[in-house]
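Undergrad: Submitted below is the structure of interest, expressed as structure tokens.
The values are calculated or read from the model by the stated rules, or taken from the named source; none is laboratory data. This is a predicted model, so every value here is computed, not measured. As a convention, Cβ positions derive from the backbone with ideal geometry for all residues, glycine included, and neighbour counts pool all protein chains shown. SASA here: full protein model, heavy atoms, side chains in, ligands and nucleic acids out. Shrake-Rupley method; radii C 1.70, N 1.55, O 1.52, S 1.80 Å.
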Amino acid sequence: QVQLAESGGGLVQAGGSLRLSCAKSRRTFRRYAMGWFRQAPGKEREFVAAISWSGGTTYYADSVKGRFTISRDNAKSTMYLQMNSLKPEDTAVYYCAVHWGDPVRNGHEYDYWGQGTQVTVSS
């Protein structure tokens with residue numbers, strides 16, 4: 001069973017930065033993509049970013065492109081999301097997820113999910 005644990009969330013003012021981390025509990029031999037998703041109160045979960053096993057392929061939602069950067073360190077089984085120029089509309093619970101295969105934007109294709117970390121951006 002793969003377990004994921006997010007960290008790094010918190011309260012920040014608009015324009016500020018946060019760095020989220022997602023630690024995967026168990027090393028595997030299968031290559032996997034990872035992704036970040038978020039869900040704001042009263043809204044559906046939405047795709048934020050995804051990254052391939054090698055890190056050579058990344059995808060971003062239009063709403064975060066140019067402000068967020070996804071990366072990973074396979075030696076540490078950890079993925080990161082650097083969030084800059086944060087806006088109040090970025091407020092949400094952020095989830096990381098694992099997909100056995102190439103990175104995808106569809107959350108239904110991900111196999112394992114973390115519990116989430118709250119990000120709150122004040123205006």
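Undergrad: Condition first: surrounded by fewer than 16 Cβ atoms within 10 Å (Cβ to Cβ) and touching a Pro at 6+ places or on another chain (Cβ under 7 Å). Now tell me which residues in segment 56-69 satisfy that.
TA: Of everything in segment 56-69, just one residue is surrounded by fewer than 16 Cβ atoms within 10 Å (Cβ to Cβ) and touching a Pro at 6+ places or on another chain (Cβ under 7 Å), namely T57.
Undergrad: Next up: Of all residues in segment 21-38 being open to solvent by 10 Å² or more (accessible area, probe 1.4 Å) and in a strand (DSSP E or B), which is nearest to H108 (Cα to Cα)?
TA: Selected residue: R38.
Undergrad: Against the definition (open to solvent by less than 30 Å² (accessible area, probe 1.4 Å), at pLDDT below 95 and not in a strand (DSSP E or B)), how does P41 come out, yes or no?
TA: Values: open to solvent by less than 30 Å² (accessible area, probe 1.4 Å): no; at pLDDT below 95: yes; not in a strand (DSSP E or B): yes.
Judged against the criteria, P41 is not a match.
Undergrad: Considering each residue of segment 1-16, count those that are at pLDDT 95 or above, assigned to a loop (DSSP other than H, G, I, E, B) and open to solvent by 60 Å² or more (accessible area, probe 1.4 Å), and give that number.
TA: Going through segment 1-16 one residue at a time, the tally reaches 0.
Undergrad: Only one residue in W53, W113 is within 22 Å of G9 (Cα to Cα), open to solvent by 60 Å² or more (accessible area, probe 1.4 Å) and hydrophobic (A, V, I, L, M, F, W, C), so which one is that? Walk me through it before giving the result.
TA: On the way: W53 fails: within 22 Å of G9 (Cα to Cα).
After ruling out the rest, the residue left standing is W113.
Undergrad: So in segment 70-105, with the set limited to residues that are open to solvent by 70 Å² or more (accessible area, probe 1.4 Å) and either outside any loop (DSSP other than H, G, I, E, B) or of a type outside the set (D, E, K, R) (or both), which one is nearest to V2 (Cα to Cα)?
TA: Among residues in segment 70-105 that are open to solvent by 70 Å² or more (accessible area, probe 1.4 Å) and either outside any loop (DSSP other than H, G, I, E, B) or of a type outside the set (D, E, K, R) (or both), the one nearest to V2 (Cα to Cα) is K76.
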